[in-house]
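Before any comments, here is the structure.
Here, each number is a calculation from the coordinates, and none is a lab measurement. Since the structure is predicted, the reported quantities are computational estimates derived from the model, not experimental observations. When we count neighbours, we look across all protein chains shown, and the Cβ atoms used for this are built from the backbone with ideal geometry, even at glycine.
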Amino acid sequence: MLFALVACGCVSSPPPITPRAKDLEARLPALAERLAELRGERLKVLPQVERWTRGEFRRYLLTRWEREWPADQAALEGRVLVTLGLWAAGLDYRAETLALTVADTNAAYLEDRDTIVVLMADPVPDRTLVHELVHALQQQRWGSLATPQTFAGLYDQTAAVEGEAVAAEALFAGDVAKLRALPETRPFPAKGQPAWHWLSVDAILAGASAAASEERPGERSLPPSDPRPEAGCVLGPARAGDQIMGKRGVAWWVALWAPGFPTILRGDSSEGWINDRLRVSGDWLEWKIECTGEQQAKGLAAYLAGKRPGLDVSSEGRVFKLRLPLK
Ligand SMILES: [Zn+2]
């Protein structure tokens, strides 16, 4: 589990109320050594480990969210998702996210404490600790884990960061089925080599390393999972207040609203996406999706206009446009 929903390296939380789990910490050196062999990257400092109750984890999340993901911001994001059909109306986005996060987490790496907190009962599997060590490694690599400021951050960056951790965990455990099932990482056995290749993971993360090296020490480096929009892209850089849904957000929406749309922007295959901008103006949501070509944008608009008469869709060049009343 990556604590990426709310991750921010600058928050100082209250001191831990539980003692360190020395038995779990004692297992880390050997696991970190194996991870270094697998990943070719070494953790300089091992995190500490604590056992927390789910109640403690819930209180910790709430404390951070008050500062980093306040209720009014979450509510607006929830309305955007409901409008797009990606969240159920009447279901509190923040409260449900909290409940799911607390219920689904077995362990988490908390970057603000450099601590792995374990919520599950013993015995704690090695692969669980390896997974969290990858997040510690990512923290070391980038200086900070992703703080999703946009839906793209939530969907795309989290997928890439989690993808690396899940792939490493599966690789450690020899879980071939899991490795093959990973859409983001697709590690594959190389001919004549016992190790799996990290080409896909590294390609996804390459942008992060490049971005990190361009930033001054101490600046936060985010790991973008997608290639950054081309310099000459039509939509250009985001303005304050813009949301970016990203590749996955767009693909999910197209799969939901235009399931018969033939070639691009569906499921995990979203090659047609270059960039997008979503803006709430008053009670309206305006969304522009920059496609790879004029035909994709035009085709998507025509498809939706045919399926949903009255829907405010259009295209201009390779940009598809949608306008919806905010729910
Ligand atoms: Zn994780």
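Some observations on this one:
- Residue exposure sequence - 34, 308, 39 - by fewest surrounding Cβ within 10 Å: 308, 34, 39
- FRET efficiency for residue 104 and residue 326, using Cβ-Cβ distance with R0 set to 41 Å, rounded to 0.05: 0.90
- Fewest-first ranking of 44, 247, using other Cβ atoms within 10 Å as the exposure measure: 44, 247
- Residues of the range 86-129 falling in the label zone of residue 53, defined by backbone nitrogen less than 19 Å from a point 7 Å along Cα to beta-carbon, are 99-108, 117-122.
- Residue-normalised convex hull volume from the C-alpha trace of the range 64-157: 122 Å³ per residue.
- Radius of gyration and Dmax over the Cα atoms of the range 246-325, both given in Å: 11.5, 34
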